[in-house]
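Before any comments, here is the structure.
The values are calculated or read from the model by the stated rules, or taken from the named source; none is laboratory data. All values reported here derive from a predicted model rather than from experimental measurement. Methodologically, a virtual Cβ is constructed for each residue, glycine included, from the backbone with ideal geometry; neighbour enumeration extends over all protein chains shown. With ligands, DNA and RNA removed, areas are computed over all heavy atoms of the protein, side chains included. Shrake-Rupley method; radii C 1.70, N 1.55, O 1.52, S 1.80 Å.
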Amino acid sequence: EKGGYQHFMLKEIHEQPKAVQETLSRRIDSKTGDIRLDGISLTMEDLQKLTKIVIVACGTAYHAGLVGKYLIEKFARIPVEVDIASEFRYRDPFVDEHTLFIAVSQSGETLDTLMSLREAKSKGARILSIVNVVGSSVARESDDVFYTWAGPEIAVASTKAYTTQLICFYLLALYMGRLKGTVSDDSYRMMMRELNALPEKIQRILDRSKDIEKLAELLYNRTQVFYIGRGLDSAVAYEGSLKLKEISYINSFAIAAGELKHGTIALMEPETTVIALATQDRLFDKMYSNIEEVKARHAHIVTLVKEGHDVKDISTEVITIPNCTDEVAPVLSVVPLQLFAYYVARAKGENIDKPRNLAKSVTVE
Ligand code: F6R
């Protein structure tokens, strides 16, 4: 049942090229190359009525929502808020009939997410959900469902559900942007090329898993790991950090790199490991300075960059991902971080598929 893999988590990490391909092919017309939202009603009229979009989720799904906000605001130019379900539902949020509420959930059974959905619905919002489990509670109670089609995810730590949730956000954001005319034909075509190239690029990262395994074996006894990044990299930093702490029990922490100097940099010591994500070309120089700041505190720095960037001077170790446009980098950069968390937990001998204190779907408040 684990298809020759030692754990479901590793199997599911390796299923990502196929899962991402599936999410894409379900929504892209093979003849015209256009995005089809069959079954989801998002007309020009619907979009004109919208004043904002609210994305609500928990954990890893929330981290996908952080990327979703960036994509929708960039491509569709609609204001987006992202919130954690257990916060959203108790804060009397501003939601009305001009709001599109997007729930993101692998299981479709997370109680806080479901209750937030009901809260938004009672205030008149349209409900669209990005869900993996077909026919789950969140799916049933939504006006429209954008299935991730990742296939069953068994390991408690979410991997392929996250990458396919990201794909849904790319497709949704580009679809809306095209309809509204906020995405030019050229950038639309460029983005479609970039999306279609992802399965093969993820595969290339997986083919080099050995490098990450070695890195994990070098660092598994570290006690404090920071993940830093800017822009989309900050969203991926949160996800990488959650993966590590939930299965390896190492105290890990993610922070937007520009925020470090406002307090957290006080924690840097020579023993500290910093995983610095620097995949965003537009922010590269700024990120470079942030890495120099932590290097000055003698932290052990692992820098994650696109191929061709020279960061040896400021890094103890370097992880590379295939070249891509900045917007799609999260789908690639998360993969080495998933592998890193997996191999660290394995080196520590932890129960990877069923980490302590955690359940696959959280149906309590
Ligand atoms: C982390 C993880 C959790 C879930 C969260 C939401 O690896 O799996 O953080 O993402 O509990 O679950 P769903 O997506 O089922 O609503």
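Figures for the structure shown
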quantity: Enumeration of residues in region 115-155 that are part of a helix (DSSP H, G or I), of a type outside the set (A, V, I, L, M, F, W, C), touching a strand residue (DSSP E or B) at 6+ places or on another chain (Cβ under 8 Å) and without any contact (Cβ under 8 Å) to a residue 40 or more places away in the chain; calculated: Lys121
quantity: Odd one out for Leu66, checked against (1) open to solvent by 20 Å² or more (accessible area, probe 1.4 Å); (2) among the aliphatic types (A, V, I, L, M); (3) under 20 Å from Pro355 (Cβ atoms); calculated: (3)
quantity: First in region 41-68 and farther than 20 Å from Thr110 by Cβ, second anywhere and open to solvent by 10 Å² or more (accessible area, probe 1.4 Å) and aromatic (Phe, Trp, Tyr), Cβ under 9 Å, 6 or more apart; calculated: Leu42/Tyr175; Lys52/Phe94
quantity: Residue within region 180-196 that is touching a residue at least 12 places away in the same chain (Cβ under 8 Å), within 30 Å of Glu1 (Cβ to Cβ) and away from the ligand (no atom under 13 Å from the Cβ) present; calculated: no
quantity: Boolean, Ser137 is within 11 Å of the ligand (Cβ to nearest atom), crowded, with 24+ Cβ neighbours inside 10 Å and among the small types (Gly, Ala, Ser); calculated: no
quantity: Candidates Ser107, Ser86, Ser25 - the one that is within 14 Å of the ligand (Cβ to nearest atom), among the small types (Gly, Ala, Ser) and within 27 Å of Pro336 (Cα to Cα); calculated: Ser107
quantity: Of the criteria (1) more than 17 Å from Lys52 (Cα to Cα); (2) within 13 Å of the ligand (Cβ to nearest atom); (3) not in a loop (DSSP other than H, G, I, E, B), which one Ser158 fails; calculated: (3)
quantity: Residue in region 206-226 that is free of Cβ contacts under 8 Å to residues at least 60 places away in the same chain and crowded, with 17+ Cβ neighbours inside 10 Å present; calculated: yes
quantity: Scan of region 256-285 for residues that are in contact with a helix residue (DSSP H, G or I) (Cβ under 7 Å, 6 or more places away or on another chain) and closer than 20 Å to Leu66 by Cβ, ordered by number; calculated: Ala256, Ala257, Gly258, Leu260, Ile275, Ala276, Leu277, Ala278, Thr279, Gln280, Asp281, Arg282
quantity: Those residues of region 272-308 which are β-branched (Val, Ile, Thr) and not in a strand (DSSP E or B), in sequence order; calculated: Thr272, Thr279, Ile291, Val294
quantity: Residue match in region 15-22 (condition: in contact with a strand residue (DSSP E or B) (Cβ under 7 Å, 6 or more places away or on another chain) and open to solvent by less than 60 Å² (accessible area, probe 1.4 Å)); calculated: no
quantity: Single match in Glu271, Glu246 (criterion: over 22 Å from the mean Cα position of the chain (by Cα), within 30 Å of Lys354 (Cα to Cα) and either within 16 Å of the ligand (Cβ to nearest atom) or open to solvent by 20 Å² or more (accessible area, probe 1.4 Å) (or both)); calculated: Glu271
quantity: Hey, Leu337 assigned to a helix (DSSP H, G or I) and closer than 21 Å to Ile212 by Cβ or not; calculated: yes
quantity: Residue list for region 309-325, restricted to those being in a helix (DSSP H, G or I) and open to solvent by less than 20 Å² (accessible area, probe 1.4 Å); calculated: Ile314
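For every residue, the table says whether it meets (1) touching an Asp or Glu at 6+ places or on another chain (Cβ under 9 Å); (2) more than 26 Å from Thr163 (Cα to Cα).
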site	(1), (2)
Pro93	yes, yes
Glu97	no, yes
Ile102	no, no
Ser105	no, no
Thr110	no, no
Thr113	no, no
Leu117	yes, no
Arg126	yes, no
Ser129	yes, no
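Conditions tested, residue by residue: (1) within 16 Å of the ligand (Cβ to nearest atom); (2) among the small types (Gly, Ala, Ser); (3) under 24 Å from Val134 (Cα atoms); (4) surrounded by fewer than 21 Cβ atoms within 10 Å (Cβ to Cβ).
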| site | (1), (2), (3), (4) |
| --- | --- |
| Asp29 | no, no, yes, yes |
| Leu42 | no, no, yes, yes |
| Asp46 | no, no, no, yes |
| Leu71 | no, no, no, no |
| Pro79 | no, no, no, yes |
| Leu111 | yes, no, yes, yes |
| Met115 | yes, no, yes, yes |
